[in-house]
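The values are calculated or read from the model by the stated rules, or taken from the named source; none is laboratory data. Predicted, not measured: the structure shown is a model, and the values here were computed from it. Cβ sites come from the backbone with ideal geometry, for glycine too, and all protein chains shown count toward neighbours. Keep in mind that these areas ignore ligands, DNA and RNA; they rest on the heavy atoms of the full protein, side chains included. Shrake-Rupley method; radii C 1.70, N 1.55, O 1.52, S 1.80 Å.
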Amino acid sequence: MAVDILIGLQWGDEGKGKIVDVLAPTYDIVARFQGGPNAGHTLEFEGTKHVLHQIPSGIFHPHIQNIIGNGVVLDPVVFRNEMLKLTERGVDAAQNLFISKKASLIVPSHRVLDRVSEEALGKSKIGSTLKGIGPTYQDKIGRVGLRVGDILSDNFRECYDRLVDRHRSIIEFYGEQLELGEQEQAFFEAVDYLRTLKLADTEYMINSALLSGKKILAEGAQGSLLDVDFGTYPFVTSSTTLVAGACTGLGVAPRHIGEVYGIFKAYCTRVGSGPFPTELLDEVGEDIRQAGKEFGSTTGRPRRCGWIDLPTLKYSIMLNGVTQLNMMKADVLTEFETIRVCTHYKLASGEVTDHVPYNLEVEKLEPVYEDLPGWKVDLNKIETVDELPEAFKSYLSFLEEHLQVPITIVSVGPDRKSTLRREAVIA
């Protein structure tokens, strides 16, 4: 068997959680391979919205084993609160949840580091969610961080204090004092809770499952355009959000990769700072934001909105080896008479290209659009692909022609049932 991977192709918030929930029933294991509590996977079914931050999206299916992989950075406080909320909703998450001992720990001083370093950037702020993600990955790469398995050691407190002293020196360099107080107490209470759960060498679990023929679905956080290497650097996250990150974030050899599901919205959004070629700063952008309820599921921040951008989509498809595309939130565009699609960029030199420049922030470019007719039909009420309006079918065909990958799932509403499967033929 292979590991199938679900990847966001834009700047995150594409709706990955919903697709994992739709696909999950056919899998034995759902595994999260990177990111931290800055992610918010929203699932909606039976009229109730569920937001997951660190727990894999297969947790609502009792037969599925859920794995938090070594590539994740885990905040014990956020994690404990998330687990308790699931318990309140009648979900016994602890029963089928396994946490890699090699996953990195976010400690309270990481959050302080995140804030002071972001503030020091002034007008050049990255747009961090201030959850301590970046500093935790820095400590991981610097080989000084703590991992989940360390909480089982007799000298864990000593190791913790040594790390916090290191952070204190850095924070004092920025002219501030480190005061943790109740945050530290909450952290150690959450660590005690974490010790009661199933901490495992999950790389062995996953590879044993592959040998026994089990089906595995890996899910990432954020989106491909926030990848630390290939995203819109420096306005990126601190981990590898691409398919390659699933290999290192779970301990899976590349030869085991199967289907790659690429998730994208029918338009584009972005949270925080950074370049956004098709951003709409007018009434149209605000209409998309309101219709799509484009506010961060973790932070509540309003998302920047714009038309779909095919050069960046093609770039993400290439980097990930996407085999199937899933379009989300198509219903948001229902009210528009005309749907615009950015097919190329016009550079300052006059060159027209569909390649993504080395630095989107510095490169002065102009989106080149093609206009397509809108469908003006309430897609929420549609239950089969055959019922889709012809203008919308033309939109799908237009995208497939440019992207050369089939769009096999179309979401036309927030609920589970508003997810349509289709067969596509690429010319």
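Please list 363-369, 72-78, 321-327, 88-94 highest first by mean number of surrounding beta-carbon atoms within 10 Å per residue.
On the way: 363-369: 15.4, 72-78: 24.3, 321-327: 21.4, 88-94: 12.4.
Ranking, from highest mean packing down: 72-78, 321-327, 363-369, 88-94.
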With all protein chains present, calculate the accessible area of SER128 using a 1.4 Å probe and round the result to the nearest 10 Å². 40
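About the Cα centre of segment 239-298, what is the dipole size in debye to 20, counting +1 per Lys and Arg Cβ and -1 per Asp and Glu Cβ, all else neutral? List each step's numbers first, then the result.
Values: 5 positive and 7 negative charges, 84 e Å.
Using Cβ point charges on Lys, Arg, Asp and Glu, segment 239-298 gives about 400 debye.
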Restricted to the chain, the DSSP antiparallel beta bridge percent, nearest 5, is 40
Would you please report the Å³ per residue occupied by the convex hull of the alpha carbon atoms in segment 66-210? 134
Over 26 Å between Cα atoms: which of LYS140/LYS329; LYS329/LYS364; LYS101/LYS293; LYS18/LYS376; LYS16/LYS215 fall into that group? LYS140/LYS329; LYS329/LYS364; LYS101/LYS293
Taking the simple approach of a point 7 Å from Cα along Cα-to-Cβ for both GLU176 and ALA94, what is their distance in nm? 3.4
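Under the rule of -39500 (n - 2.57) per DSSP H run of 4 or more residues, summed and divided by the residues of the chain, what mean residue ellipticity at 222 nm is obtained, to the nearest 500 deg cm²/dmol? Write down the numbers at each step before the final one.
On the way: 11 runs with 126 residues, N = 427.
Roughly -9000 deg cm²/dmol at 222 nm, from the helical runs in the chain.
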Modelling each spin label as a point 7 Å along the Cα-to-Cβ direction, I'd like the GLU259/GLU387 distance in nm, to one decimal. 2.4
Go ahead and run the numbers for FRET between GLU363 and VAL284, Cβ-Cβ distance against an R0 of 30 Å, rounding to 0.05. 0.80
By average Cβ neighbour count within 10 Å, what is the ranking of 14-20, 343-349, 258-264 from highest down? 14-20, 258-264, 343-349
Over the chain, with neighbouring protein chains present, the accessible area per residue in Å² at probe 1.4 Å is 43
Among GLY134, SER153, PHE173, whose Cα projects farthest towards the positive end of the dipole of segment 111-262, with charges put on the beta-carbon of Lys, Arg (+1) and Asp, Glu (-1)? GLY134
Computed from the coordinates I sent, Cα Rg over 2.2 N^0.38 Å equals one of (i) 0.98; (ii) 1.05; (iii) 1.36. Tell me the label. (i)
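Would you work out what percent of the accessible area of the chain, with all protein chains in place, is carbon or sulfur (probe 1.4 Å)? Provide the component values of the computation, followed by the final result.
Values: 9100 of 18480 Å².
Its accessible area is 49 percent carbon and sulfur atoms.
Of the peptides 401-411, 21-31, how do they stack up when ordered by the mean number of other Cβ atoms within 10 Å, highest first?
Values: 401-411: 18.4, 21-31: 20.6.
The densest-packed peptide leads the list: 21-31, 401-411.
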In nm, to one decimal, how far is the modelled label at ASP415 from the one at LEU211, with both set 7 Å along Cα→Cβ? 4.5
